[in-house]
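The values are calculated or read from the model by the stated rules, or taken from the named source; none is laboratory data. This is a predicted model, so every value here is computed, not measured. Virtual Cβ from ideal backbone geometry, glycine too; neighbours counted across all protein chains shown. Just so you know, the surface numbers come from the protein's heavy atoms only, side chains and all, with ligands and any DNA or RNA stripped out. Shrake-Rupley method; radii C 1.70, N 1.55, O 1.52, S 1.80 Å.
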Amino acid sequence: MIKVFHNARCGKSRTCLALLTAKNIDFEVVNYLQEAPTFHELETILLKLNYKPIDLIRQKEKIWIENFKGTEMTDEAIIQAMVQYPILIERPIVIDGNKAIVGRDEKLLQDFLAI
């Protein structure tokens with residue numbers, strides 16, 4: 001089953017859910033701000049995305065700017081920052097088996113889902 005890491009306050013995330021619903025695709029919603037992913041879960045997601053940890057960071061978030069911007073960080077430290085502050089995680093993340101995409105672009109998301 002498709003899993004969507006969702007933030008209800010994000011328009012792109014809501015659009016992603018609407019697309020899945022309109023296409024009658026079964027999915028599970030993970031409200032990652034309430035249920036923060038673990039370090040290991042984020043490592044797995046990053047592998048599925050083929051991303052480096054910094055690629056999944058919302059670098060314009062206030063928490064990032066005030067606490068981390070301009071500092072030298074290991075990949076592990078960046079992942080730990082996302083565990084501690086899940087608002088830093090780019091969204092929505094759509095996971096389908098061993099592959100994943102950040103579903104901000106509707107056309108790329110449709111291609112990913114083959115719809």
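Look at the range 69-115 and say how many of its residues are aliphatic (A, V, I, L, M), surrounded by 14 or more Cβ atoms within 10 Å (Cβ to Cβ) and over 14 Å from Leu46 (Cβ atoms).
Of the residues in the range 69-115, 5 are aliphatic (A, V, I, L, M), surrounded by 14 or more Cβ atoms within 10 Å (Cβ to Cβ) and over 14 Å from Leu46 (Cβ atoms).
List the residue pairs whose Cβ atoms are under 7 Å apart, where the first residue sits in the range 18-35 and is farther than 13 Å from Ala8 by Cα, the second is open to solvent by 100 Å² or more (accessible area, probe 1.4 Å), and the two are 6 or more positions apart or on different chains.
Hits for this filter: Asp26/Met1; Phe27/Met1; Glu28/Met1.
Checking Ser13 against (1) within 20 Å of Ile87 (Cβ to Cβ); (2) out of contact with any strand residue (DSSP E or B) (no Cβ under 6 Å at 6 or more places or on another chain): exactly one of these is not met. Which one?
(2)
If you check Lys52 against the conditions, is it touching a helix residue (DSSP H, G or I) at 6+ places or on another chain (Cβ under 7 Å), open to solvent by 90 Å² or more (accessible area, probe 1.4 Å), at pLDDT 95 or above and basic (Lys, Arg)?
Yes.
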